[in-house]
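Take this structure first; my questions come after.
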Amino acid sequence: MSAARRPLAFLGAALLAILAGAALPGWALFLGTVSLAKGLAALGLLLLMRTGLVSFGQGLYYAVGGYAVGLAANHLGLGDSLPLVLPGAAAAAALAMVVGLLLARYRSIFFAMLSLAFSMILYGLLVKTSALGSTDGFNVAPRAVAGVAAAGPQGRLAAFGLAAALCALAAWGLDRYLASHLGRLVPAVRDNELRVEYMGASARNVVHLNVVLAAALAGAGGAIAALAVGHIDPEMAYWTTSGEFVFVAILSGTGSVAAPFLGAVALEALRSFAYEHAPNTWQLVVGGSMLLVILFLPEGLWSLFRRWRAPA
């Protein structure tokens, strides 16, 4: 697809999602909104995985985005959804600019474990901070979630539409970044970091930038999730949340910027179906499905689209 037509493709995908959402019941719209929020965090993981890195600590930025929304809504009186998402992404990016200075020095399992450690440090701090609700967290001000979680079908559709529009914008922006001169260094760092340094570019700076961008995406996802659910708690920073993002990234594959959203929706649908029909063994169903994807679709669900589009 030509570069000129790509923005129209992303815009069309967002409009189709919103039109499809208009035919869905309220519970499905809520599930779709949360799925898109997690897809944003997985989109950041796609960027890191294309750099040859895996982060088990994206829950850190997901939680920062969520808590930033809650604090802004409760203490600053902000009541509109879009202005609340922006500080969530900005707060996560600001934290990543500091944390990333250390993370950019490491690769492989060291990067993964260090990112996990930072996430668990935040989790421990949140659990011990009574001003932020401790283990119970706190509710987002009703004026902020009005029209999102508490205003009926029209509100849920508006929330879903906002999430779909932001996801399309984020996917288009990342697509443009990967096609830029700087973005072309991303796979180069993964394949041969030493050669990148010989060419005069800084692999560490590329990794640092990608960590910040991935954090901003996760922070925006956490902000959307906080608005949709109307409640924030330390579990957003727990290792299981970060592991879920990795699960989505592996399930979807890294072949396209649209893949994480497909994987997030598929995971939420599978988990809801499994929990309804096998409440005692739903984890087994989800884990078994993951094994099947790894065995038969090692490049993720998006590889099905590539095979379908490939010429016979």
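What follows draws every value from the coordinates through simple rules; no lab data is involved. Because the structure is a prediction, the values reported are computed rather than measured. A quick note on method: Cβ atoms are made from the backbone with ideal geometry, for glycine too, and the neighbour counts reach across all protein chains shown.
Among Ser130, Phe10, Ser119, flag the residue with its Cα farthest along the positive direction of the charge dipole of segment 6-239, charges on Cβ as +1 for Lys/Arg and -1 for Asp/Glu.
Phe10
Take Ile121, Ile224, Ile18 and order them by how many other Cβ atoms sit within 10 Å, fewest up front.
Working: Ile121 13, Ile224 33, Ile18 18.
Going from least to most buried by this count: Ile121, Ile18, Ile224.
Helix-derived [θ] at 222 nm for the chain: sum -39500 (n - 2.57) over DSSP H runs of at least 4, divide by residue count, nearest 500?
So the calculated ellipticity at 222 nm is -24500 deg cm²/dmol.
Let me ask something else. Want the number for Val98 to Leu169: 0.36 nm per residue separation, take away the alpha-carbon distance, what's left?
Full-extension gain reported as 23.0 nm.
Hey, can you rank 42-48, 171-177, 268-274, 249-255 by average C-beta count inside 10 Å, highest first?
Listed from highest to lowest mean packing, they are 42-48, 249-255, 171-177, 268-274.
Please compute the contact order of the chain in relative form: average sequence separation of alpha-carbon pairs under 8 Å and at least six residues apart, divided by the residue count, as a percent. Show your work: numbers first, answer last.
Values: 512 pairs, mean separation 106.5, N = 312.
Relative contact order for the chain comes out at 34 percent.
On to the next question. With a point put 7 Å past each Cα toward its Cβ, work out how far Ala23 is from Ser272 in nm, to one decimal.
According to this spin-label approximation, the distance is 1.6 nm.
Would you mind counting up the charge near Met113? Only other residues with Cβ under 15 Å from its Cβ, with Lys and Arg at +1 and Asp and Glu at -1.
Net of charged neighbours comes to +2.
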